[in-house]
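Everything on this sheet refers to the single structure shown next.
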Amino acid sequence: MTAFARADSPHVMNTYARVPIALERGQGVRVWDVNGKQYLDALGGIAVNTLGHNHPKLVPALQQQIAKIIHTSNYYHVPLQEELARLLAERSGLTNVFFCNSGLEANEAALKLARKYGHDRGIERPQIVVYEKAFHGRSIATLSATGNPKVQAGFGPLVEGFIRVPMNDIAAIRAATEGNPDVVAVFFETIQGEGGVNPMRAEYLRELRALCDERGWLMMIDEVQCGMGRTGKWFAHQWAGVLPDVMPLAKGLGSGVPIGAVVAGPKAASIFGPGNHGTTFGGNPLAMRAGVETIRIMEEDSLLANAFDVGEHLKAALLRAFSGLDGVVEVRGQGLMLGVELAKPCGVLVQRAADAGLLISVTADRVIRLVPSLILTREEADEIVALLAPLVQSFLAEE
C-alpha cells in the first residue's frame with residue numbers, strides 16, 4: 001500500500017491560504033491528487049483551463065512546439081505573435097496587440113497606455129476612473145486601481161491618479177469627473193471576478209461608451225477573467241454591443257500556459273513606441289502556440305455556444321436548488337462565470353467542497369465562485385449542483 005503523501009511546501013513563501021491537497025493529473029474537468037482522490041474541477045484554475053485538462057488536440061500541438069522552439073526574444077519577429085494577434089483582432093474588432101505573461105502585466109500595460117495617452121495630450125498628471133470592488137492585480141499600480149482595502153493594506157503609499165466610482169451609476173461617474181480636464185480613461189471589468197461576480201449592466205456599458213466618446217477618454221475593459229468565451233461571446237462586453245479602446249486579456253487565452261495580452265483599437269494602438277514598454281518572456285513561441293491552438297479548438301468544438309448553453313443550465317439548476325433557502329442572497333453571473341452570494345462569510349466551504357470532491361473558490365468573503373472549463377457538459381453541471389447544494393444547505397443551517 002502506498003504511503004499517504006502530505007501536501008506541504010515548507011520552502012515556498014506563505015502567500016496563499018492553500019487547501020491541503022496537491023493535484024497530480026487531470027482529464028477533462030476532473031483532477032486527481034497525489035493520493036489518488038478524484039475531484040470535479042469547478043474552478044478551472046480560476047478561469048484559466050479553457051479546454052479542461054489534457055485536451056487531446058492541445059497537448060500534441062504544445063509537444064510539437066516544445067520540440068521546435070520554446071523561447072526566442074522580442075529582438076526578433078515571432079511569426080506566431082502575428083498569427084495570434086490577427087485572430088484576436090478579428091474576433092474583437094480591434095487592431096493591434098501587445099503580448100505579456102499575465103493579467104496583472106496586461107493591466108499594468110493598460111495603465112501605462114492611459115498615462116501616456118494623457119501626456120501626449122499635454123496632461124501632466126493623468127487620472128483614470130476605476131470602480132468599487134474592482135480587482136486588477138497586485139503590483140503597486142494595479143493594486144492602486146483595485147477597489148479592495150484588504151488587499152491594499154500594508155502596501156502604501158498607493159499610486160495616485162485614480163478616481164473611484166460605484167458600478168452601474170452613470171450619474172455618479174459624471175459627478176465624480178465633472179469639470180476635471182485630467183481624466184484620460186475609464187478602466188473596469190465587464191463582470192467583476194474577485195469582487196464577487198458583479199456584472200455591469202448592458203445599458204450602463206453603452207452609456208459609458210457614449211461618455212468616453214463625449215469626453216475623449218479611453219474605454220479600457222479588463223476582460224482577463226470574463227473574456228475568452230466564458231460568457232458565450234468572445235468577450236463579455238460584446239453582449240452590450242460596445243467596442244473598447246483597450247482590452248487586457250490573460251487567463252483562458254492559453255488554456256493554462258502563462259499568457260497575457262493588451263488588445264487595442266485605433267485610438268490606442270499607436271501610443272506605445274519602441275522603448276516605451278517591453279517584456280522578456282511575453283509573446284514567446286510556446287505561449288503564442290497555446291493561444292492560437294486555444295482559439296482554433298474553441299471554434300472547432302463550438303465552445304462559445306457550449307459555455308452559453310451549459311452556463312444557462314447550471315444557473316437554472318442553482319436557482320432551483322437554492323430557491324426559497326434562507327441565507328442565499330443571489331445567484332448571478334453569465335455563461336460559465338457564476339457566483340452564489342450567501343448572507344454570511346463562507347470561506348470554510350472551499351475545504352468542505354474539496355472534502356466532498358468538488359473544487360470551488362469563495363471570493364468577496366460571501367460569494368461561491370464557479371468558473372469551470374468551457375468543455376463542461378450539462379451532466380457535469382448537474383453534478384456540481386448535486387455536490388454543492390447540500391454543503392450550502394448544511395452550512396446555512398449552522399448557528
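Taking Lys and Arg as +1 and Asp and Glu as -1, the other residues whose beta-carbon sits under 11 Å from that of GLU124 total +2.
For VAL129, nonlocal amide neighbours, meaning residues 5 or more places apart or on other chains whose placed amide H falls under 5 Å from its own, are ILE163, VAL184, ALA185, VAL186, PHE187. Sequence-ordered 3J(HN,Hα) estimates for the range 26-36 from the Karplus curve with 6.51, -1.76 and 1.60 and θ = phi - 60° stand at x, 8, x, 9, 10, 9, 10, 8, 5, 9, x Hz, glycine and proline given as x. Of the whole protein surface, THR72 contributes about 50 Å² of accessible area at a 1.4 Å probe radius. Each Lys and Arg contributes +1 and each Asp and Glu -1, all at the Cβ; summed about the Cα centre of the chain, the dipole is approximately 520 debye.
Amide H contacts of VAL197: none lie under 5 Å away among residues 5 or more positions distant or on a separate chain (H built 1.01 Å from N in the peptide plane; Pro and chain starts excluded). Taking a straight Cα-Cα cut-off under 20 Å and skipping sequence neighbours fewer than 8 places away in the same chain, the aspartates and glutamates within cross-link reach of LYS233 are GLU90, GLU189, GLU203, ASP222, GLU223, ASP245, GLU293, GLU299, GLU300, ASP301, ASP309, GLU312.
Working from the Cα coordinates of the range 173-265, the gyration tensor eigenvalues give, after taking √(5λ), semi-axes of 25, 14, 12 Å in decreasing order.
Shape summary of the range 263-399, radius of gyration then Dmax from alpha carbon positions: 19.6, 61 Å. Please identify the DSSP H helices in the chain that span no less than 18 Å along the helix axis (Cα) and have a mean Kyte-Doolittle hydropathy of -0.5 or more. Membrane-span-like by this rule: 79-92, 285-300, 303-322, 378-397. The eigenvalues of the Cα gyration tensor, multiplied by 5 and square-rooted, give the chain an equivalent ellipsoid with semi-axes of 33, 27, 20 Å from largest to smallest. On a per residue basis, the chain carries 44 Å² of accessible surface, using protein heavy atoms and a 1.4 Å probe.
What spacing in nm lies between the two simple spin-label points modelled at HIS119 and ILE46, each 7 Å away from Cα in the Cβ direction? For HIS119 paired with ILE46, the spin-label model returns 3.0 nm. I need the Kirkwood Rh of the range 72-119: take the reciprocal of the average 1/r across all distinct C-alpha pairs and report it in angstrom. Kirkwood radius, the range 72-119: 12.3 Å.
For the range 84-147, taking Cα atoms only, Rg and Dmax work out to 13.5, 36 Å respectively. The alpha-carbon positions of the range 89-223 define a convex hull whose volume is 119 Å³ per residue. Evaluated at q = 0.15, 0.23, 0.25, 0.29 Å⁻¹, a Debye calculation over the C-alpha positions of the range 205-255 (equal weights, vacuum) places log10 I(q)/I(0) at -0.41, -0.81, -0.91, -1.09. Leaving out ligands, DNA and RNA, and with a 1.4 Å probe, what % of the accessible surface on the range 1-105 is carbon or sulfur? Roughly 56 percent, rounded to a whole number. Overall dimensions of the range 133-211, expressed as equivalent-ellipsoid semi-axes from the Cα gyration tensor (√(5λ), whole Å, largest first), are 22, 17, 9.
Averaging 1/r across all pairs of distinct Cα atoms in the range 4-107 and inverting the result yields a Kirkwood radius of 17.3 Å.
The values are calculated or read from the model by the stated rules, or taken from the named source; none is laboratory data. Remember, it's a predicted structure, so these values are computed and weren't measured experimentally. Reconstructed Cβ throughout: ideal geometry from the backbone, glycine too, with neighbour counts over all protein chains shown. All accessible areas refer to the heavy atoms of the entire protein, side chains included, with ligands and DNA or RNA removed. Shrake-Rupley method; radii C 1.70, N 1.55, O 1.52, S 1.80 Å.
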